[in-house]
Amino acid sequence: TGKGYYIGQPANFNARFALDEQFFWSFLENTQKAALEKLQKQPDWKLKILNRFDRMIKKYGVLQLLKKGLEVDDANFTLFYQNPLASSSQTIKDNFEKNRFSVTRQLRYSIDNPREEIDLVLFINGLPIVTMELKNQWTGQNARVHGQHQYRTQRDTKQSLLNFARCVVHFAVDTDEAYMTTKLDGQNTFFLPFNKGNNHGKGNPILPAGTIGHRTNYLWDEVFTRESLANIIQHFVRLDGKKKDPIQTKTLFFPRYHQMDVVRKIIEDASKKGVGQTYLIQHSAGSGKSNSITWAAYQLIETYPEHTNVSGGRGVEQPLFDSVIVVTDRRLLDKQIRDNIADFSEIKNIIAPAYSSKELRESLE
């Protein structure tokens with residue numbers, strides 16, 4: 001497609017393992033031939049990889065496999081090449097281009113009901129990331145009622161594709177509105193709006209006069225481009241819960257539009273203008289402040305200046321900020337943010353809660 005996505009064929013989807021086998025195997029062949037050859041001496045090497053993949057994704061979810069890769073015997077596979085930073089080497093930039101983003105329409109996902117289809121699924125290197133039911137007001141159906149109803153009542157969550165954390169997010173979309181959930185749970189499925197807002201209210205802005213398209217075009221133009229989807233996976237999606245907990249008890253966070261938008265705007269502005277700017281973000285009650293703060297803190301520490309003359313920058317090879325300090329005046333928010341940041345962090349020494357100015361000084365030193 002024009003957006004750099006390949007068109008997937010429903011016939012290449014393996015419903016048992018919830019993989020597009022065409023793109024999964026071609027990605028590994030093209031990028032990691034040596035690792036594959038270690039296993040290809042065995043007669044059932046493909047099944048061996050698929051079974052291992054299945055076991056790991058059931059235990060840890062797709063996010064971990066995208067970030068950490070997959071080990072099979074002594075072979076180590078990368079399943080997703082990360083988005084490069086401005087300062088990344090050419091190899092990292094070239095590797096990102098080797099990812100295969102694909103979209104499959106009318107995907108038959110069910111082993112038990114082979115005729116059941118999902119309108120649209122987005123994949124990276126054969127791994128499903130986003131499922132989508134598309135509704136259309138002209139046929140009298142919309143996302144808020146009919147799309148959500150379909151996911152709640154007509155989609156079989158026992159099938160691999162719809163298992164929790166096997167796919168990152170599920171969207172119900174029509175020409176005007178979008179809703180999302182990260183956990184399909186029958187009637188208990190909880191959808192959140194993924195809209196831009198309209199005149200300080202809900203919904204999406206009316207398109208300017210003379211513009212052709214739908215109010216939900218921003219999904220294709222801003223959210224599901226290759227770079228944007230990769231950025232969301234790397235920097236936004238979180239699977240919360242203690243390591244030892246079973247996956248079903250965990251919570252998968254996908255950013256809402258306003259959260260993604262505001263964090264990206266801050267990062268972009270900081271990389272252009274450098275240090276010394278002040279920003280005010282208005283967040284309504286219950287709209288996910290602590291996640292927005294967590295995401296902003298994490299991405300600011302990895303923000304690089306766009307060019308050499310940026311205020312406070314030390315060249316495009318060096319991050320702009322040495323430390324990020326989060327100050328809150330609410331105990332509850334403070335605990336939430338601290339837990340979030342600790343969850344997000346894989347390096348233990350980067351976080352230090354401080355309850356007094358003395359502790360703050362010691363941590364900074």
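The values are calculated or read from the model by the stated rules, or taken from the named source; none is laboratory data. Quantities reported herein were computed from a predicted structural model and do not represent experimental measurements. Cβ placement follows ideal geometry from the backbone for every residue including glycine, while neighbour counts extend to all protein chains displayed. For the accessible areas, the whole protein counts, side chains as well, though only heavy atoms, and no ligand, DNA or RNA atoms are used. Shrake-Rupley method; radii C 1.70, N 1.55, O 1.52, S 1.80 Å.
Applying the criterion of being of a type outside the set (A, V, I, L, M, F, W, C) and within 23 Å of the chain's Cα centre (by Cα) to the residues of the range 201-219, the residue that is farthest from Asp176 (Cα to Cα) is Tyr218. When the range 267-283 is limited to residues that are within 23 Å of the chain's Cα centre (by Cα) and open to solvent by less than 90 Å² (accessible area, probe 1.4 Å), the one that is nearest to Val316 (Cα to Cα) turns out to be Ser271.
Only residues in the range 280-296 that are at pLDDT 85 or above count as the first member; pair them with residues that are part of a loop (DSSP other than H, G, I, E, B) and of a type outside the set (Ser, Thr, Tyr), Cβ under 6 angstrom, at least 6 apart or cross-chain, and list the lot. If the second residue must be part of a loop (DSSP other than H, G, I, E, B) and of a type outside the set (Ser, Thr, Tyr), the pairs left are Lys289/His283; Trp295/Phe236. Go through the range 84-109 and report how many residues are assigned to a helix (DSSP H, G or I), open to solvent by 10 Å² or more (accessible area, probe 1.4 Å) and either of a type outside the set (D, E, K, R) or without any contact (Cβ under 8 Å) to a residue 40 or more places away in the chain (or both). Qualifying residue count for the region: 7.
One residue stands out among those in the range 143-197 that are under 22 Å from the mean Cα position of the chain (by Cα) and of a type in the set (Val, Ile, Thr): the one that is most open to solvent (accessible area, probe 1.4 Å), which is Thr157.
Could you tell me whether any residue of the range 305-319 is open to solvent by less than 60 Å² (accessible area, probe 1.4 Å) and not in a loop (DSSP other than H, G, I, E, B)? Yes, the conditions are met somewhere in the range 305-319.
Of all the listed residues (Val327, Val263), the sole one being among the β-branched types (Val, Ile, Thr) and modelled with pLDDT of 90 or more is Val263.
In the range 52-73 there is at least one residue matching the filter, namely being at positive phi, of a type outside the set (Gly, Ala, Ser) and without any contact (Cβ under 8 Å) to a residue 60 or more places away in the chain.
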